[in-house]
1. If you check Leu82, Leu115, which single one turns out to be assigned to a helix (DSSP H, G or I), of a type in the set (A, V, I, L, M, F, W, C), under 19 Å from Val217 (Cα atoms) and at pLDDT 95 or above?
2. Checking the condition within 22 Å of Ala222 (Cβ to Cβ), part of a helix (DSSP H, G or I) and charged (D, E, K, R), which residue from Arg58, Arg43, Arg38 passes?
3. So is Ala267 open to solvent by 90 Å² or more (accessible area, probe 1.4 Å) and among the small types (Gly, Ala, Ser) or not?
4. Looking only at the stretch 282-299, filter to residues that are within 31 Å of the chain's Cα centre (by Cα) and surrounded by fewer than 13 Cβ atoms within 10 Å (Cβ to Cβ); which one of those is modelled with the lowest pLDDT?
5. Taking the residues in the stretch 19-39 that are of a type in the set (Val, Ile, Thr) and in contact with a helix residue (DSSP H, G or I) (Cβ under 8 Å, 6 or more places away or on another chain) as candidates, determine which candidate is surrounded by the most Cβ atoms within 10 Å (Cβ to Cβ).
6. Would you check which residues across the stretch 232-258 are within 18 Å of the chain's Cα centre (by Cα) and at pLDDT 95 or above and list them?
7. Quick check: is even one residue across the stretch 11-18 open to solvent by 70 Å² or more (accessible area, probe 1.4 Å) and modelled with pLDDT under 95?
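The values are calculated or read from the model by the stated rules, or taken from the named source; none is laboratory data. Bear in mind that the values here come from a model prediction, so they are computed numbers and not experimental data. Virtual Cβ from ideal backbone geometry, glycine too; neighbours counted across all protein chains shown. With ligands, DNA and RNA removed, areas are computed over all heavy atoms of the protein, side chains included. Shrake-Rupley method; radii C 1.70, N 1.55, O 1.52, S 1.80 Å.
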Amino acid sequence: MKVFRGLPNAAARAPCALTIGNFDGVHLGHQALLARVRAAADRLGLEAAVMTFEPHPREFFAQKSGDLSKAPARIANLRDKLQSLSDNGIDRVIVEHFSASFASLTPQEFTEKVLVEGLHVKWLMVGDDFCYGARRAGNVQMLLEAGQKYGFHVETLPTVMNGSTRISSSAVRSALAEGAFAHAEALLGHPYAISGHVIHGQKLGRTLGFPTLNLRVPHRPALSGIFIVQVHGLSAQPLPAVASMGVRPTVDDSGRVLLEVHVFDFAQHCYGKQVRVEFLQKIRDEEKYIDLPTLTAAINNDADIARAFFAKRATDRI
């Protein structure tokens, strides 16, 4: 899969079947849309393409207004999003930097500069509530008219449902925030996980008897707290672990979010390795403790709960 930061240059442009969106989490609704794009590309002899945005448009406007609480929590980092798009058969992804200049494009300018000149779109699929251009002034009817004028076909995909629940990134975020991982999996079509490279931390966990693998979380995550997890990428089989996702209020006042994972009975150095942390069950919310001994006691209890979970799971599988 080819990834472009911004519109491809003239030599790299190719006629494509395209869809546009944030694709946070690449849930089952997204997957249904991507399957339609892939099928259209195969039928018409085109490349299957996705245009997505970084940062998320709502994140951009939240920063601009100075109120970051309006920014949506992120289900997936960019690496995981791109991997999911590749897994769904997409040939090329355009990661468009969402900026003030991009946000100011009128629907007409977006059609001409982005869709027609920049991407050579021949077939386009969007959700039935799709809006585009400055102040979200463009809608599906305007896209249909633009397609007739410029020679590209437009289709819409109705909302995908899971029973009575609309499958959406918002629904996935709510499930993750509640620690409802079975429900999140039903919406995503796979267990929830975060991948990243192991980075150096403060080494505090080591002094407390709980050395951790640390993964940087560049955006506000959709979940926080203490979790039972398993780690892929360090062994042929996923390794049992306990993890903390949050700002570590007892030992750090920077507000920086970190994913810290203590893998049971594991002592290898793995800085720089890429791992995938799969979330299985929430233990509790993050707390601030009065001192390190109290923190250590809480970590011990979390580890005991996680070990009991894995022991029971092993017994149940026999």
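1. Leu82
2. Arg58
3. Numbers: open to solvent by 90 Å² or more (accessible area, probe 1.4 Å): yes; among the small types (Gly, Ala, Ser): yes.
When the stated conditions are applied, Ala267 passes them.
4. Looking at residues that are within 31 Å of the chain's Cα centre (by Cα) and surrounded by fewer than 13 Cβ atoms within 10 Å (Cβ to Cβ), I get Lys288.
5. Of everything passing the filter in the stretch 19-39, Val26 is surrounded by the most Cβ atoms within 10 Å (Cβ to Cβ).
6. Answer for the stretch 232-258, where residues must be within 18 Å of the chain's Cα centre (by Cα) and at pLDDT 95 or above: just His232.
7. Within the stretch 11-18, one or more residues are open to solvent by 70 Å² or more (accessible area, probe 1.4 Å) and modelled with pLDDT under 95.
Every residue, every condition in (1) of a type outside the set (D, E, K, R); (2) over 23 Å from Glu185 (Cβ atoms); (3) in contact (Cβ under 8 Å) with a residue 24 or more places away in the chain, yes or no:
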site: Asp24; (1), (2), (3): no, no, yes
site: Leu34; (1), (2), (3): yes, no, yes
site: Leu44; (1), (2), (3): yes, yes, yes
site: Glu47; (1), (2), (3): no, yes, yes
site: Glu54; (1), (2), (3): no, yes, yes
site: Ala73; (1), (2), (3): yes, no, yes
